[in-house]
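Note sheet for the following structure.
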């Protein structure tokens, strides 16, 4: 049976550590019963450890009360075997995935990175790579199908990015990214292989579509 932790915040006006003046209870932004939820909400949006004094300032509670709340939350997460834990590191507090579940998280991340692009995505990426900067409409014209959903996938993967807009139509233009080059092991776009050896006879193709791709 999990050990139960009882944390009681019974000193709303306690002095802050190191002699700092803590906010008074009359400055509270949320009710006392909602303090834990308010602290959790802040912890969910920070990208680096947040100091107790900062949490005290934004919630309007004394630093002692906020620290008690943090300790209570950390204990609850452990007792409930949550997938995350609350740690005090680098002079602040932050949520982290629990080490016990690292294999699952690692498998998820690696599977996502190694998932292959569909044939449609590869073809679209090739058009962007050889015609960039290029609009979605132009890519669609080259491929002969709507590429909106595929372009969203490539954008989400970080393989292409917006590269300004067309001076005449105002349409967004797209180009490949540094990440694209890294994934292909290239230093510059000039290292992309020439397409001519892989194309059928030119007299059977729309020359306009080949412009800039060979």
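The values are calculated or read from the model by the stated rules, or taken from the named source; none is laboratory data. In this text the structure is predicted, and so the values were computed from the model without any measurement. Because the Cβ atoms are built from the backbone with ideal geometry, glycine has one as well, and the counts that use them run over all protein chains shown.
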So residue 81 clears everything in (1) at negative phi; (2) over 24 Å from the mean Cα position of the chain (by Cα); (3) at pLDDT 90 or above except one condition, right? Which one?
(1)
Given the conditions (1) surrounded by fewer than 18 Cβ atoms within 10 Å (Cβ to Cβ); (2) out of contact with any strand residue (DSSP E or B) (no Cβ under 8 Å at 6 or more places or on another chain); (3) under 30 Å from residue 180 (Cβ atoms), every one holds for residue 57 apart from (3)
Criterion violated by residue 202 - all others in (1) surrounded by 11 or more Cβ atoms within 10 Å (Cβ to Cβ); (2) modelled with pLDDT of 80 or more satisfied
(2)
How many residues are closer than 15 Å to residue 44 by Cα and either touching a strand residue (DSSP E or B) at 6+ places or on another chain (Cβ under 8 Å) or surrounded by fewer than 10 Cβ atoms within 10 Å (Cβ to Cβ) (or both) if we restrict to the range 77-92?
7
Against the condition free of Cβ contacts under 8 Å to residues at least 60 places away in the same chain, part of a strand (DSSP E or B) and surrounded by 15 or more Cβ atoms within 10 Å (Cβ to Cβ), how does residue 95 come out, does it pass?
yes
The one condition residue 109 fails out of (1) under 30 Å from residue 157 (Cβ atoms); (2) at pLDDT 95 or above is (2)
Got a sec? Which helices (runs of 4 or more DSSP H) wholly within the range 109-185 have at least 3 residues that are crowded, with 16+ Cβ neighbours inside 10 Å and in contact (Cβ under 8 Å) with a residue 24 or more places away in the chain?
119-131, 136-143, 148-157
